[in-house]
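**Q** Structure below; questions to follow.
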Amino acid sequence: MGSKALLSLRDLRLEHPRAGVLLDGVSLTLERGQILGVVGESGSGKSLTGLSVLGLHPAGRLTGTMMFDGQDLTHFTAREWQGFRGRRAAMIFQDPMSAFLPVRRIGAQIEEQIRLHLPLSRREARARVVSLLGRMGVPSPERTAERYPHELSGGLRQRAMIAMALSCDPELLIADEPTTALDVTVQAQILVLLREIGARDASVMLITHDMGVVAQSCTHVAVLYAGVVIESGPVEAILKTPLHPYTQALLRAIPPLSGPRPDRLPVIEGAPPAPNARPSGCVFAPRCASVEARCQMRPVFRSRGNHQVACVLYA
Amino acid sequence: MTMLLQANELARTYTVGSGGKLRAVDDVSLALARGEALALVGESGCGKSTLGRLLMGFDRPDRGQVIFEGQDLATLSTKAMRVLRGRLQMVFQDSGSAFNPRWTIGQALAEPFRIHKRPWSRQSLTALLERVGLSPAFYDRYPAALSGGQRQRLNIARAIALAPQLIVADEPVSALDVSVQAQIINLLRDLQADLDLACLFISHDLAVVRQIADRMAVMYLGGIVEEGETLSVLAVPFHPYTRALVDAVPQPGKPLGAPLQGDVPSPLSPPPGCRFHTRCPIAQPRCAAERPALIHVGDGRKVACHYPLAS
């Protein structure tokens, strides 16, 4: 971990008074210029991790550290969060329709956010909106800025939302399932755009359930299971030689698009633990094929080559 | 060979609020043999779900006919249609809204038997639960006790309860996580083989389609643009749209190609000529003027393109 880390989460733990432990040891590092895929199945805590970085997680006891460019976010006051969200880190969601106000024009909404954070005149802000929309690949940006959200297609709305998120030049863009609601051909367009943004504008945390999306857009990946980061590292390394039995099983369960068709897909039996009934040892142990006695203790998340993995097999 | 299900030149147009005509399905012919698994593939708005509804008899086509086991669905009385329904079942994507939350799982499973006045027993229903990999202990519990994957299993159990010949499954696994999705795909394949069940899968996910369907038909703006054996279509697509769909699927170890530009045109005003020519990377002047017909090109493959990609 060099000193270049933009965002570094260490042992982040979120305990909800009723639901139980939602995050239980999330450690990850995002360096400038990286696109980090945060991948996991429903309920693994991947969206919560993104929300925590913006201080938007549900009320509960949050422990651990969240270092962003040298500052610990866990000690932020409400006022500090206001200057942080949208300005230094911004988030986009799966459904851009609900992120925009339906009764105001797209351009006006982006303009509002710019003027909230930056000392620009209305005219300067408008020029910035148009140039942003253009950079996001929106055709005829002046005209599109005058449209209402429902007048745009899903793909264009997602581009407009990315433009809004990037409007104040944040250093970090958190994208939560940005392509899940889109058709594959449009998804491919947005993934190309996100890669350009990662190379040009901001570091990206891409939250997704789709290993294929991670493979094509991310430089690094952190795999979450039941609120725990169980493996992380550069994308090629993780895809080529996954170390954790869960990562291995997850990759095997994806139906292939070429080569021989398997008679049966390998599956992971059972289901992830509920937040209020978590195993005290390794969280994956109840479903793991290589489980052994040592798994009763929570494995340490440690480096192995260029991976980091939490499994006794690599202790 | 007589076909189990046959659709001849189906067309369905909806009139939308402003008086516009939305051609959801435009001149589609399709056939499904006994025990065969066929997938309808396409992006949102291509008409695949409407076609599924027409084939189920939920909606009547404006033109063309749907023939199931030699009977034209349009000529059947409500009563005759009701009898047929037992042999023609549907599975939807959202298993959460498919069950009455106040009925026990046993009651939900007994419903098809009750409607069709067939005998059932607790024993036969628990056997059905086990058939789809659910514990008989769920019999007296409520759907809320089930996870998403388990609910989809229950949904499938109810669809196969009356031993149908055909199941139409609209995006049966797209709401599920990868590991659960694999379980349901395996289950569907097992049932299909064991019960000699014909299946029509409606899906946008090519990797899933490759795993469960023998044959596939690709739809774009209400029409079929390519049809053939799944493995062969996905390995060597002839239509440029199929090619673009295959290339757009993000996969480990494969660089992302240049994506198709633009969006699917509105079905309210589909382009003249070939419906795909506005986004096609190899379009020629002829494509804007003349609509290509879906023609046989050998090996059971069909394609609707003036300039099909060379193999």
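The values are calculated or read from the model by the stated rules, or taken from the named source; none is laboratory data. Every value quoted in this text rests on a predicted model; they were computed, and no experiment measured them. Cβ sites come from the backbone with ideal geometry, for glycine too, and all protein chains shown count toward neighbours. Just so you know, the surface numbers come from the protein's heavy atoms only, side chains and all, with ligands and any DNA or RNA stripped out. Shrake-Rupley method; radii C 1.70, N 1.55, O 1.52, S 1.80 Å.
**Q** Distances longer than 16 Å among the Cα atoms of the stretch A:96-169: what percent of all pairs is that? Walk me through the numbers before you get to the answer.
**A** Numbers: 1026 of 2701 pairs.
Pairs farther apart than 16 Å: 38 percent.
**Q** Now, a different point. Return the distance in nm (one decimal) between the two label points of a simple spin-label model at A:SER140 and A:SER153, each offset 7 Å from Cα along Cα→Cβ.
**A** So the two model labels end up 1.5 nm from each other.
**Q** I want the local charge near A:ALA127. Using Cβ-Cβ distances under 14 Å, sum +1 for each Lys or Arg and -1 for each Asp or Glu among the other residues.
**A** +3
**Q** Can you compute the modelled spin-label distance between A:THR180 and B:GLN123, with each label point 7 Å from Cα toward Cβ, in nm?
**A** Placing both labels 7 Å beyond Cα along the Cβ direction yields 4.5 nm.
**Q** What trypsin sites (Lys or Arg not before Pro) in the stretch B:1-71 are in a loop by DSSP, with at most 15 other Cβ atoms within 10 Å of the Cβ? Intermediate values should be presented prior to the final figure.
**A** Working: sites: B:ARG12, B:LYS21, B:ARG23, B:ARG34, B:LYS48, B:ARG53, B:ARG63; in loops: B:ARG34.
Qualifying residues, ordered by number: B:ARG34.
**Q** Report, in whole Å, the centroid distance computed from the Cα atoms of the stretch B:243-311 and the stretch B:153-179.
**A** 31 Å
**Q** At a probe radius of 1.4 Å, figure out the B/A buried accessible area, summed over both chains, and give it in Å² to the nearest 100. If you can, show how the numbers build up before the last one.
**A** Values: alone 15030 and 15250 Å², together 26850 Å².
In total, this chain pair buries about 3400 Å².
**Q** How long, wide and thick is the stretch A:36-188, going by the Cα atoms along their three principal axes, in whole angstroms, largest first?
**A** Sorted from largest, the Cα extents of the stretch A:36-188 read 47, 39, 26 Å.
**Q** Next up: Over the protein assembly as shown, with every protein chain in place, what whole percent of the accessible area is carbon and sulfur at 1.4 Å, could you tell me? Each step should come with its number before you reach the end.
**A** Values: 13980 of 26850 Å².
So the carbon and sulfur contribution to the accessible surface is 52 percent.
**Q** Measuring with a 1.4 Å probe in the full set of protein chains, what accessible area per residue, in whole Å², belongs to chain A? Mind dumping the intermediate values first?
**A** On the way: 13530 Å² over 315 residues.
Accessible surface, normalised per residue, equals 43 Å².
**Q** Go ahead and set up a Gaussian network model of chain A, Cα springs under 10 Å, then flag whichever of A:HIS244, A:HIS57, A:HIS209 fluctuates most.
**A** Between A:HIS244, A:HIS57, A:HIS209, it is A:HIS57 that shows the largest mean-square fluctuation.
**Q** So, one more: Determine the shielding of peptide B:172-183 by partner chains: average, over its residues, the number of Cβ atoms on other chains within 10 angstrom of each Cβ.
**A** Numbers: counts 0, 1, 0, 1, 2, 11, 15, 16, 6, 6, 12, 6.
Per-residue shielding by partner chains comes out at 6.
**Q** Given contacts defined as C-alpha pairs under 8 Å and at least six residues apart, what's the relative contact order of chain B, whole-number percent? Write out the running numbers ahead of the final one.
**A** On the way: 550 pairs, mean separation 62.3, N = 311.
Reported relative contact order: 20 percent.
**Q** Quote the charge dipole size of the stretch B:109-154 about the Cα centre in Debye, to the nearest 20; the model charges only the Cβ of Lys and Arg (+1) and of Asp and Glu (-1). Please report the intermediate quantities before stating the final value.
**A** Values: 8 positive and 3 negative charges, 30 e Å.
So the dipole magnitude of the stretch B:109-154 works out to roughly 140 debye.
**Q** Dividing the Cα radius of gyration by the Kirkwood radius, what Rg/Rh value follows for the stretch B:170-311?
**A** Details: Rg = 16.4 Å, Rh = 16.6 Å.
Radius of gyration relative to Kirkwood radius: 0.99.
**Q** Within a 10 angstrom radius of each residue's Cβ in B:203-209, how many Cβ atoms of other chains show up on average? Whole number is fine. Display every interim value, and only then the final one.
**A** Details: counts 0, 2, 3, 3, 6, 4, 2.
That average works out to 3.
**Q** Suppose every K and R has +1 on its Cβ and every D and E has -1 on its Cβ; what is the size of the dipole of chain B about the Cα centre, in Debye to the nearest 20? Walk me through the intermediate numbers first.
**A** Values: 33 positive and 28 negative charges, 160 e Å.
For chain B, the charge dipole is close to 760 debye.
**Q** Shifting gears a bit: Over the Cα atoms of chain A, what Rg and Dmax result, in angstrom?
**A** 20.3, 67
**Q** Per the Debye formula with a single identical scatterer at each Cα and no solvent contribution, what log10 I(q)/I(0) holds for chain B at q = 0.07, 0.08, 0.09, 0.14 Å⁻¹?
**A** At q = 0.07, 0.08, 0.09, 0.14 Å⁻¹ the computed log10 ratios are -0.30, -0.39, -0.49, -1.11.
**Q** How long is the gain from A:SER42 to A:MET67 if the chain were fully straight, where each residue apart is worth 0.36 nm and the alpha carbon distance is subtracted? Write down the numbers at each step before the final one.
**A** On the way: separation 25, 0.36 × 25 = 9.00 nm, distance 2.60 nm.
So the extension gain works out to 6.4 nm.
**Q** Can you work out the base-10 log of I(q)/I(0) for the protein assembly as shown at q = 0.05, 0.06, 0.07, 0.11 1/Å, using the Debye formula on its C-alpha atoms alone?
**A** Taking Cα atoms of the protein assembly as shown as identical point scatterers yields -0.25, -0.36, -0.49, -1.20.
**Q** Show B:TRP120, B:TRP103, A:TRP81 ordered by accessible area, largest first, where the area counts protein heavy atoms only and the probe is 1.4 Å. Let's see the in-between values first.
**A** Values: B:TRP120 105, B:TRP103 75, A:TRP81 25 Å².
Accessible-area ranking of B:TRP120, B:TRP103, A:TRP81, largest first: B:TRP120, B:TRP103, A:TRP81.
**Q** Report the percentage of all Cα-Cα pairs in the stretch B:153-212 whose separation exceeds 19 Å, rounded to a whole percent. Write out the running numbers ahead of the final one.
**A** Values: 379 of 1770 pairs.
Counting pairs separated by more than 19 Å, the tail of P(r) holds 21 percent.
**Q** For chain B, with the dipole built from +1 on Lys and Arg beta-carbon atoms and -1 on Asp and Glu ones, taken about the Cα centre, which of B:LEU55, B:ALA31, B:HIS116 lies farthest toward the positive end?
**A** Result: B:HIS116.
**Q** Shifting gears a bit: With a 4.7 Å Cβ cut-off, tell me which Cys residues in chain B come up empty for a partner.
**A** B:CYS46, B:CYS199, B:CYS280, B:CYS305
**Q** Evaluate the charge dipole of the protein assembly as shown about its Cα centre and quote only its size in Debye, nearest 20, assuming +1 on the Cβ of each Lys and Arg and -1 on the Cβ of each Asp and Glu.
**A** Rounded to the nearest 20 debye, it is 840 debye.
**Q** How high is the FRET efficiency from B:LEU162 to B:LYS21, r the C-beta distance, R0 41 Å, rounded to 0.05? Don't jump to the answer; show the numbers that get you there.
**A** Working: r = 38 Å, r/R0 = 0.92.
Taking R0 as 41 Å, the efficiency between B:LEU162 and B:LYS21 is 0.60.
**Q** So which lysines can A:LYS240 reach, going by Cα to Cα under 19 Å and dropping same-chain residues fewer than 8 places off?
**A** B:LYS254
**Q** Now for a separate question. How much net charge surrounds B:MET216 when only the other residues with a Cβ under 12 Å from the Cβ of B:MET216 are counted, with Lys and Arg +1 and Asp and Glu -1? Could you put the intermediate results ahead of the total?
**A** Values: positive: B:LYS48, B:ARG210, B:ARG215, B:ARG301, B:LYS302; negative: B:GLU36, B:ASP205, B:ASP214, B:GLU226, B:GLU227, B:GLU229.
Summing Lys and Arg as +1 and Asp and Glu as -1 gives -1.
**Q** Enter the Cα centre distance for the pair the stretch A:99-173 and the stretch B:64-93, rounded to the nearest angstrom.
**A** Taking the Cα centre of each part, the stretch A:99-173 and the stretch B:64-93 sit 50 Å apart.
**Q** Here is a follow-up. How about B:LYS21: which aspartates and glutamates have a C-alpha closer than 15 Å to its C-alpha, ignoring those fewer than 8 places off in the same chain?
**A** B:ASP62
**Q** Using each residue's phi in the stretch B:275-285, evaluate 6.51 cos²θ - 1.76 cosθ + 1.60 at θ = phi - 60° and report the 3J(HN,Hα) Karplus result to the nearest Hz, with x for Gly and Pro.
**A** Values, residue by residue: 4, 8, 4, 5, 10, 6, x, 10, 5, 10, x Hz.
**Q** Separate question: As I understand it, the dipole of the protein assembly as shown uses +1 on the Cβ of Lys and Arg and -1 on the Cβ of Asp and Glu, about the Cα centre. Which of A:GLN82, B:LEU221, A:GLY43 lies farthest toward its positive end?
**A** A:GLN82
**Q** Okay, moving on. Restricting things to alpha carbons, find the Rg to Rh ratio for the stretch A:123-258 using the Kirkwood radius for Rh. Each step should come with its number before you reach the end.
**A** Working: Rg = 17.1 Å, Rh = 16.5 Å.
Ratio of gyration radius to Kirkwood radius for the stretch A:123-258: 1.04.
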